[in-house]
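The values are calculated or read from the model by the stated rules, or taken from the named source; none is laboratory data. The shown structure was predicted, so the numbers you read here are calculated from the model rather than taken from an experiment. Cβ sites come from the backbone with ideal geometry, for glycine too, and all protein chains shown count toward neighbours. When the accessible area is computed, the model is the full protein with side chains, heavy atoms only, and any ligands, DNA or RNA have been set aside. Shrake-Rupley method; radii C 1.70, N 1.55, O 1.52, S 1.80 Å.
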Amino acid sequence: LEEHAEAAPQRERVLAEVAQGAFLLGAHHRLGDAGSEAERAELLTRAIAHTEAARARPLDGEPLFQVVVDGNLGELLMLQGDIAGAGPLLDGAVALAARGGFTPYLQRCRANRIEWLVHAGRADEARAEAQALLAELGPEGGPVATRVRALAAASLACRRLGLHEEALAHFMAFERAERRRTLAEQRAMASLFVSRAEAERQRLRAEDAQDR
């Protein structure tokens, strides 16, 4: 019983590190070119620290945890410019996600690995991998964030290869996917605001009824 009692808080702490790292990674993507180089670098540094802290305390028997942590850390290192460090992490995450049948995570890791291939000087391979992943996702399918990453990587690979028309087509599709993602986020926020406002109205009505 004591071992289980100690394991539960440990697991919660590790998952909190994973969540914080993922949140900061998302914040880096949302900031984009709107932020300064120093702001983006700070987000990456903090995200890497949280993700490495989680990786140092692996959760045995939870392969999905390893996929998420290694995939996120590989992406973070790639964004920081550590191409050599990112490669083995992304390769491992792709292999483990494939063995576990974790399709959404596998697709995201593959999208990040495609960008890594471009930075590693393997643009031809990156283009082929991007074509395969986009065909698997379908014209409008798959998680929006994954589709955005795959299209951006495909466009980058084509630019490196001098295939400018193909690069432009991927970039235009990327912009459409980004707009859909932004619209979905705005709708979700608006729905949450309306739900909270309605809950507050109901609370006030209940209080008013009690006072009567």
_It is to be established whether one or more residues within the stretch 154-161 are modelled with pLDDT under 95, surrounded by 16 or more Cβ atoms within 10 Å (Cβ to Cβ) and within 23 Å of Val67 (Cβ to Cβ)._
no
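Just checking, does the stretch 134-143 include any residue being within 24 Å of Gly85 (Cα to Cα) and surrounded by 15 or more Cβ atoms within 10 Å (Cβ to Cβ)?
Pass one, the stretch 134-143, residues within 24 Å of Gly85 (Cα to Cα): none.
Among the residues of the stretch 134-143, not one is within 24 Å of Gly85 (Cα to Cα) and surrounded by 15 or more Cβ atoms within 10 Å (Cβ to Cβ), which makes the answer no.
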_Test for Arg46: is it in a helix (DSSP H, G or I) and not hydrophobic (A, V, I, L, M, F, W, C)_ = yes
*Under 9 Å between Cβ atoms, at least 6 apart or on separate chains: pull out the pairs that start in the stretch 115-126 with a residue that is part of a loop (DSSP other than H, G, I, E, B) and end on any residue that is open to solvent by 70 Å² or more (accessible area, probe 1.4 Å) and of a type outside the set (Phe, Trp, Tyr).*
Ala120/Ala84; Gly121/Arg160
*Leu168: part of a helix (DSSP H, G or I), out of contact with any Ser or Thr (no Cβ under 6 Å at 6 or more places or on another chain) and open to solvent by less than 70 Å² (accessible area, probe 1.4 Å), yes or no?*
no
_Failed condition for Leu76, given (1) touching a residue at least 24 places away in the same chain (Cβ under 8 Å); (2) hydrophobic (A, V, I, L, M, F, W, C); (3) open to solvent by 20 Å² or more (accessible area, probe 1.4 Å); (4) assigned to a helix (DSSP H, G or I)_ = (3)
*State whether the residues of the stretch 86-107 include one that is closer than 16 Å to Arg149 by Cα, touching a residue at least 40 places away in the same chain (Cβ under 8 Å) and either in contact with a Pro (Cβ under 6 Å, 6 or more places away or on another chain) or of a type in the set (Phe, Trp, Tyr) (or both).*
yes
*Kindly check whether there is at least one residue in the stretch 50-68 that is surrounded by fewer than 15 Cβ atoms within 10 Å (Cβ to Cβ), of a type in the set (Ser, Thr, Tyr) and either in a helix (DSSP H, G or I) or without any contact (Cβ under 8 Å) to a residue 12 or more places away in the chain (or both).*
no
*asked:* Among the residues that make up the stretch 23-41, is at least one of them surrounded by 19 or more Cβ atoms within 10 Å (Cβ to Cβ) and farther than 24 Å from Leu106 by Cβ?
replied: yes
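Give Ala145, Ala157 a once-over and let me know the one that is in contact with a His (Cβ under 9 Å, 6 or more places away or on another chain) and under 21 Å from Ala22 (Cβ atoms). Don't jump to the end; show me each part of the working.
On the way: Ala157 fails: under 21 Å from Ala22 (Cβ atoms).
Being in contact with a His (Cβ under 9 Å, 6 or more places away or on another chain) and under 21 Å from Ala22 (Cβ atoms) holds for just one of Ala145, Ala157, which is Ala145.
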*May I ask you to list pairs of residues, at least six apart or on different chains, whose Cβ atoms are under 7 Å apart, with the first in the stretch 22-38 being free of Cβ contacts under 8 Å to residues at least 60 places away in the same chain and within 19 Å of Thr51 (Cα to Cα) and the second being among the basic types (Lys, Arg) and open to solvent by 50 Å² or more (accessible area, probe 1.4 Å)?*
Leu24/Arg46; His28/Arg40
*Considering residues of the stretch 97-108 that are assigned to a helix (DSSP H, G or I) and over 13 Å from Glu136 (Cβ atoms) only, the residue least open to solvent (accessible area, probe 1.4 Å)*: Ala97
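Results for (1) of a type in the set (Asp, Glu); (2) at pLDDT below 85, shown as yes or no for each residue.
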| site | (1), (2) |
| --- | --- |
| Glu3 | yes, yes |
| Pro9 | no, yes |
| Val18 | no, no |
| Leu24 | no, no |
| His28 | no, no |
| Ala34 | no, yes |
| Glu39 | yes, no |
| Glu42 | yes, no |
| Thr45 | no, no |
